[in-house]
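Okay, structure first, notes after.
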Amino acid sequence: MKLPHFLSKKATCNTHGQDSSYFLGWQEYEKNPYHETKNPSGIIQMGLAENQLSFDLLESWLEKNPDASSLKRNGESIFRELALFQDYNGLPAFKNAMVDFLAEIRGNKVHFDTRNLVLTAGATSANETLMFCLANPGEAFLLPTPYYPGFDRDLKWRTGVEIVPIHCSSHTGFEITESALKEAYTTAQKRNLKVKGVLITNPSNPLGKTISRAELNRLVTFVEAKEIHLVSDEIYSGTVFQSEDFTSVYEVLIERNLQNSSVWGRTHIVYSLSKDLGLPGFRVGAIYSNDEIVVSTATKMSSFGLISSQTQYLLSEMLSDKKFTSQYLTENQKRLNNRHGLLVEGLQNAGIDCLKSNAGLFCWVDMRHLLSSKTFEGEMELWKKIMYQVGLNISPGASCHCSEPGWFRLCFANMSEDTLHLAMDRLKSFVESMNNDKRPVRSSRRRSLTRWVSKLSSSYKTESER
């Protein structure tokens with residue numbers, strides 16, 4: 001057995017974030033995954049933000065365009081061409097298709113230059129690469145809470161960058177306020193941390209809503225005054241399904257005629273095809289920056305996580321089909337809207353509300369009234385009950401660094417409609433049982449309910465939990 005002192009500090013540190021309840025929920029799900037026939041009492045995965053609603057559209061395109069997946073061009077094989085080493089700048093055809101797709105999602109209000117685009121192996125790699133480019137170890141980025149739990153890994157683990165939360169409140173709908181920005185900046189200063197920038201997700205993960213123009217303007221004003229960077233992770237930009245179009249941070253900069261200002265070069269976008277096209281397994285991400293040094297450095301660093309030439313070729317063909325991309329985005333957003341409505345309806349039937357949302361693959365759900373105590377200990381207690389007794393893996397607010405206990409993220413696009421209905425039925429039964437427990441009941445009924453909960457709980461608990 002290797003002793004810790006023979007390994008690096010990185011190998012023996014505990015800063016990856018793998019012990020977060022966000023990741024622990026996945027582990028419990030994998031031990032007992034729900035299957036409609038093989039394991040109907042298993043845990044339903046509602047903690048994974050995958051978009052599985054429009055695979056049929058992608059598969060239909062592949063059937064109609066067999067050359068793309070069989071690595072042919074005009075019927076002739078290009079296997080050897082793609083199998084050989086490719087420059088890490090990426091295939092020109094794919095970069096052209098990507099910038100056009102980015103502009104299409106933004107209603108062609110913003111246009112992109114392939115020379116400013118860096119390809120990465122997913123948004124995880126893109127965000128980490130930007131941290132390496134923009135900050136030194138021990139320097140800080142401000143992030144609005146609640147935020148994606150994976151950022152503790154993506155932004156901090158290998159880079160040594162610190163995260164300082166911008167605490168947003170449910171009283172304002174978790175809006176990014178000027179006072180919250182100032183408070184976070186002051187907190188960083190008190191900790192002797194040099195603030196290098198602000199990072200946001202727009203649309204927000206886990207809130208499932210777009211960041212308003214007012215908030216974006218507030219952020220631009222703030223980073224301009226502080227002379228720091230602004231990173232906008234826009235991985236969910238094509239999932240906006242209600243109320244208003246998506247507004248990119250670049251659109252705000254253009255409206256304010258800031259193209260020739262220093263803040264133009266300090267504003268960077270992260271994107272990926274993992275959510276809009278539902279292709280996380282393809283590992284396709286990108287950085288877009290107007291800073292030449294950032295682009296040059298990020299391109300060099302991308303050699304540690306390249307997108308395969310085969311993947312680039314296939315997707316360049318798909319994204320170049322403008323008729324397909326237009327129809328896909330419209331239909332996918334329609335399906336997301338319908339599925340979102342089913343989740344909200346199911347939650348309401350169970351007596352549970354959620355934050356009003358218009359984008360993403362999840363809802364930010366308010367379960368504060370179900371807590372045994374209004375503490376994060378009470379939140380964890382409820383999370384465990386929902387995991388082991390109800391059989392649902394959901395993400396607790398604490399894992400997203402929410403400052404208020406009782407909020408949870410529930411995903412709705414990674415399962416069938418029937419499975420979502422089952423999840424809501426389970427949750428409704430659980431809430432009803434909790435309400436019954438609060439009412440005076442006859443002892444025989446209480447014993448019966450206790451036996452039911454005990455039996456259900458034991459079927460989900462692992463040996464370590466017993």
- Note on the structure: Residue-normalised 222 nm signal for the chain, counting each DSSP H run of n ≥ 4 as -39,500 (n - 2.57), nearest 500 deg cm²/dmol, is -13000 deg cm²/dmol
- Message: If N is the number of residues in region 171-300, what value comes out of its Cα radius of gyration divided by 2.2 N^0.38 Å?
- Response: 1.10
- Task: Report the antiparallel proportion of the DSSP beta bridges in region 192-303 as a percent, rounded to a multiple of 5.
- Result: 35
- Query: How many percent of the alpha carbon pairs in region 43-105 exceed a separation of 18 Å?
  - Reply: 63
- Query: Straight-line reach from residue 374: which aspartates and glutamates have Cα under 12 Å away, leaving out those fewer than 8 places along the same chain?
  - Reply: 404
- Projecting the Cα atoms of 97, 280, 77 onto the charge dipole of the chain, where Lys and Arg contribute +1 and Asp and Glu -1 at Cβ, the residue farthest towards the positive end is 280
- Note on the structure: For the chain, any Cys whose C-beta has no other cysteine C-beta under 4.7 angstrom counts as unpaired, and these are 13, 133, 168, 400, 402, 411
- Query: For region 199-206, in order, what is each residue's ³J(HN,Hα) by Karplus, 6.51 cos²θ - 1.76 cosθ + 1.60 with θ = phi - 60°, in whole Hz (x at glycine and Pro)?
  - Reply: 10, 10, 10, 9, x, 6, 10, x
- In region 154-244, the GluC sites (Glu not before Pro) that fall in loop regions by DSSP, at most 13 other Cβ within 10 Å: 227, 244
- Item | Antiparallel %, DSSP beta bridges [both residues in the chain], to 5 | 50
- Considering amide H positions built from the backbone, and no H for Pro or chain starts, which residues 5 or more places from residue 231, or on another chain, come under 5 Å of its amide H? 198, 199, 200, 268
- Under 17 Å from residue 182, Cα to Cα: lysines that are on another chain or at least 8 residues apart: 190, 194, 196, 226
- Convert 4 °C to kelvin, take the viscosity as 1.567 mPa s, use the Kirkwood radius over C-alpha pairs of region 120-208 as Rh, and evaluate the Stokes-Einstein diffusion coefficient in µm²/s, rounded to a whole number. 97
- Message: From the P(r) of region 1-105, could you give the percentage of C-alpha pairs in the tail past 24 Å?
- Response: 62
- Interchain or long-range residues, amide H under 5 Å from residue 395's placed H: 409
- Values of log10 I(q)/I(0), in the order q = 0.06, 0.07, 0.08, 0.11 Å⁻¹, for the chain under a Debye, Cα-only, solvent-free model: -0.28, -0.39, -0.51, -0.95
- For residue 434 and residue 58 in one chain, what is 0.36 nm times their gap in residues minus the Cα-Cα distance, to one decimal in nm? 131.1 nm
- Query: Which of the lysines could a cross-linker span from residue 109 if the Cα-Cα distance has to be under 24 Å and same-chain partners fewer than 8 positions apart are dropped?
  - Reply: 95, 209, 275, 322, 323, 334
- Here the tail fraction of P(r) beyond 21 Å, over all Cα-Cα pairs of region 305-400, rounds in percent to 54
- Once all protein chains are kept in place, residue 106 shows an accessible area at probe 1.4 Å, nearest 10 Å², of 0
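The values are calculated or read from the model by the stated rules, or taken from the named source; none is laboratory data. The structure displayed is predicted, hence computed values, not measured ones. So basically every Cβ, Gly included, is an ideal-geometry build from the backbone, and we count neighbours across all protein chains shown. All accessible areas refer to the heavy atoms of the entire protein, side chains included, with ligands and DNA or RNA removed. Shrake-Rupley method; radii C 1.70, N 1.55, O 1.52, S 1.80 Å.
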